[in-house]
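Written out below as structure tokens is the structure these notes cover.
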Amino acid sequence: MPRAALLSIHARVEAAEPSTWEDPSLVQLWGPRFNVFVVAARDLAVFSLGTLPGDAKGRGRAEDLAARLNAVLDGARMSYGEAGRALGVHHNSLRYAAATGTVLIRWDGARQATVWTVPPPQADPRDARLELARRYLHIYGPATPEAFAGWAGIGRRYGAEAFDALGTSLTPVRTPVGDAWILGQDEAAFRAVPGPVAPARLLPSGDAYFLLQGADRDLLVPDAGRRRALWTPRVWPGGLLAGGEIAGTWRRAETVMTVQPWRRLSPAERDAVVAEAESLPLSTARGRITVRWDD
């Protein structure tokens, strides 16, 4: 979501501002598994066409819906509720059209998304899917074809086909939770000695750093109780990153941020967490963020 995207950007890029997620270099769309993504505009084809159904029926549905939506909007923008009513379909079904790369949205996380159409990307869907697999492996690897298919929402067959097509650009590896693959070009980074880490980062709910499934979660958070605290059945909390490791969770209500550390933080670490909280580029926070420790 946009506010989460903003905090994810802030955790990695200096000088992020409340409006950074709306920079012209970025676009918002229903991407993999119809979740809302904020991505680089130049990567629109990757995160849309990369998920286009491989079967004729699914692809036809997406393309037909996209064409009808384009005709109804006729260059205008409207809420996706209005667009759905104009088409005589449930508005949530408009998400299927996004896989064509012709549907963009703006959603601030509160009201209904605004939807409009753009010209189709000049890219081959197969090439887009392979690039999507490369992006996935670069961020989440080591990984398997099944894990990629689940994340992208494309079906296991198509995940396996993508990995097969990547061929010798992949390197097989063994991990504590089973055999998997990495990009061959990333091998040096896996073998490199870790560099300096930030003293503290406040990762938002759903941040790519801990957007993991299954046994991969065990590697990031070995303690089962703490895994349940981070990956809850409902809305996940944010993750507190201290010294390069997940060290707790956090939630915010207006100007009060509640931090629940999993270990005793040093005074310097606590100061770093407070400084990070106060630096968050949140236009909705009315006043200075106050950190409340729940330990």
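The values are calculated or read from the model by the stated rules, or taken from the named source; none is laboratory data. Remember, predicted model here, so these are calculated numbers, not experimental data. With ideal geometry, Cβ positions are generated from the backbone for all residues, glycine too; neighbour counts draw on all protein chains shown. Note: areas computed on protein heavy atoms with side chains; ligands, DNA, RNA excluded. Shrake-Rupley method; radii C 1.70, N 1.55, O 1.52, S 1.80 Å.
Key figures
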{"quantity": "Prolate/oblate/rounded call for region 52-166, Cα gyration tensor, a/c under 1.5 rounded", "calculated": "prolate"}
{"quantity": "Charge dipole (the chain, unit charges on Cβ, about Cα centre) - positive-most of PRO233, ALA15, LEU203", "calculated": "PRO233"}
{"quantity": "In degrees, nearest ten, helix 56-73 long axis to first principal axis of the chain (Cα)", "calculated": "90 degrees"}
{"quantity": "Cβ-defined net charge surrounding ASP295, 11 Å radius [Lys, Arg +1; Asp, Glu -1]", "calculated": "+3"}
{"quantity": "Selected from ALA160, LEU219, ILE182, residue furthest toward positive end of dipole (region 87-244; charges at beta carbon)", "calculated": "LEU219"}
{"quantity": "Exposure rank, largest accessible area first [HIS91, HIS138; 1.4 Å]", "calculated": "HIS138, HIS91"}
{"quantity": "Largest-first ordering by accessible area, 1.4 Å probe, given options TRP116, TRP30", "calculated": "TRP116, TRP30"}
{"quantity": "Cα-centre dipole for the chain with unit charges at Cβ (Lys and Arg positive, Asp and Glu negative), debye to 20", "calculated": "740 debye"}
{"quantity": "Relative contact order, percent, the chain [alpha-carbon distance under 8 Å, six or more residues apart]", "calculated": "15 percent"}
{"quantity": "Percent accessible area from carbon and sulfur atoms, the chain, protein chains only, probe 1.4 Å", "calculated": "51 percent"}
{"quantity": "Note, ³J(HN,Hα) from phi for region 275-282, Karplus 6.51, -1.76, 1.60, rounded to Hz, x at Gly and Pro", "calculated": "4, 5, 4, 6, 8, 4, x, 10"}
{"quantity": "Accessible area, probe 1.4 Å, largest first, for residues ARG129, ARG264", "calculated": "ARG264, ARG129"}
{"quantity": "Neighbour net charge for ARG201 - beta-carbon separation under 13 angstrom, K R +1, D E -1", "calculated": "-4"}
{"quantity": "Electrostatic dipole magnitude of region 40-182 [Cβ: Lys, Arg +1; Asp, Glu -1; Cα centre; debye, to 20]", "calculated": "260 debye"}
{"quantity": "Cα gyration tensor shape for region 54-95, rounded if a/c is under 1.5, else prolate or oblate", "calculated": "prolate"}
{"quantity": "Anisotropy class of region 169-245 from Cα gyration tensor, a/c 1.5 cut", "calculated": "oblate"}
{"quantity": "Degrees, to the nearest 10: 2-12 long Cα axis against longest axis of the chain", "calculated": "50 degrees"}
{"quantity": "With at most 16 other Cβ atoms within 10 Å, longest stretch of the chain clear of loop GluC sites (Glu not before Pro) (DSSP)", "calculated": "15-253"}
{"quantity": "Principal-axis tilt of helix 125-140 within the chain, Cα atoms, nearest 10 degrees", "calculated": "10 degrees"}
